Amino acid sequence: TSVNVAIADRDHALDTKEFTIQELTTGLLSDHATISPKYFYDTVGSVLFETICVLPEYYPTRTEAGIFTRHLTDISQTIGPGGTLIDLGAGNCAKAARLFPFLHPDQYVPIDISVNHLTDSVRHLRQRFPHIEMTALGMDFSKNWTLPDEVRSDQRLFFYPGSSIGNFHPDIALTFLKKIRAACDADGGILIGIDLIKDSATLNAAYDDDLGVTAAFNLNALRHVNQLLGSDFDIRQWQHYAFFNAQQSRIEMHLEARMNLQVKWGNNHRHFIRGERIHTENSYKYSLPLFLELLSAAGFGKARHWSDDANWYAVIYAKA
Ligand code: AVI
């Protein structure tokens, strides 16, 4: 049985320097300034995110882990053994590795935008699970993607934990789910984690923790943008702002100017007045029926779900 670690750093699958500069400039110069949430995840940002995941206020990670601990046998019996496990946003591959002894995949395909991190993780994993063929892919799956030929086509299980789909607008989430559905044969499916709507106080605390880790995570985007763009954001002039927008059913994260200020980069500049904001992230929260509808609109068939006692979070398996 072979172990194959091929990092596919395809030109079209990761942003070019020109694209990054163009995208950031357009966002910063628009009336309502924006920075895409993908710019959170440089090395510092990735560590800050891992820290967020162990904070008492940030319930999604531990609630999802609890659902898997409690229902792993049922979940794996529902899905059935073998096939190809395609891990979207694999990171350190830990969540998928927990499933291996239950799902017994023949092939594991972790996909992540952060290629170096992924290579290291897969190197360790292949030693622990030498009988599973592994093909790591460095790509931004939020863009246009196709899976390379090395990825087997039968019995594909797309694994998308962490409620990361919540960071897409629902229209984009639907398009994305349709793409996943199209990449499945009739024997494929999706296993996905969804953060559910709950009281605003719990939601607000999860995105504005007492220790200020989420604030640092948000502000770190400015450091990262300074590196990418050569801009001169002064982080001390900005503050974290996050709240649950009930009408839109989403957490919004913004960076708010603490004073009138100016930012310069290349031949560009922008004035911000005190209180003006840069929108950095949305995190949509779903009701279970609404998300099941989304899956069926994307072409998925029969679905099963597992929740925690408080119904804060759901893990859903939907067959192709
Ligand atoms: C990655 N994603 C699911 C996180 C979320 O909850 O939307 C990102 C995050 N932003 C602030 N805290 C965590």
Residue hits (segment 211-248; of a type in the set (G, A, S), on the phi < 0 side of the Ramachandran plot and more than 12 Å from the ligand (Cβ to nearest atom)) are S231, A246
In segment 249-283, anything closer than 19 Å to A205 by Cβ and assigned to a loop (DSSP other than H, G, I, E, B) is listed as S249
(1) touching a helix residue (DSSP H, G or I) at 6+ places or on another chain (Cβ under 8 Å); (2) surrounded by fewer than 19 Cβ atoms within 10 Å (Cβ to Cβ); (3) not basic (K, R) all hold for Q248 apart from (1)
Scanning segment 144-186 for residues that are under 26 Å from Y313 (Cα atoms), of a type in the set (S, T, N, Q) and more than 16 Å from the ligand (Cβ to nearest atom) gives T175
Notebook entry, point to check: Within segment 199-210, is there a residue that is out of contact with any helix residue (DSSP H, G or I) (no Cβ under 8 Å at 6 or more places or on another chain), away from the ligand (no atom under 12 Å from the Cβ), open to solvent by 30 Å² or more (accessible area, probe 1.4 Å) and farther than 23 Å from L290 by Cβ?
Noted result: yes
For segment 79-92 the number of residues that are at pLDDT below 95 and either at negative phi or open to solvent by less than 10 Å² (accessible area, probe 1.4 Å) (or both) is 2
Scanning segment 167-185 residue by residue, those under 13 Å from L157 (Cα atoms), open to solvent by 40 Å² or more (accessible area, probe 1.4 Å) and outside any helix (DSSP H, G or I) turn out to be D185
- Task: Report yes if T63 is surrounded by fewer than 16 Cβ atoms within 10 Å (Cβ to Cβ) and either on the phi < 0 side of the Ramachandran plot or more than 10 Å from the ligand (Cβ to nearest atom) (or both), otherwise no.
- Result: no
Pairs returned, first residue in segment 55-78 that is assigned to a helix (DSSP H, G or I), second residue that is among the acidic types (D, E) and open to solvent by less than 40 Å² (accessible area, probe 1.4 Å), beta-carbon separation under 8 angstrom, 6 or more apart or interchain, are P60/D195; T63/D308; G66/D308; I67/D308
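The values are calculated or read from the model by the stated rules, or taken from the named source; none is laboratory data. Nothing here was measured: the structure is a model prediction, and the numbers come from that model. Using ideal geometry, Cβ is built from the backbone for each residue, glycine included, and neighbour counts are taken over all protein chains shown. Surface accessibility is based on the protein's heavy atoms, side chains included, excluding ligands, DNA and RNA. Shrake-Rupley method; radii C 1.70, N 1.55, O 1.52, S 1.80 Å.
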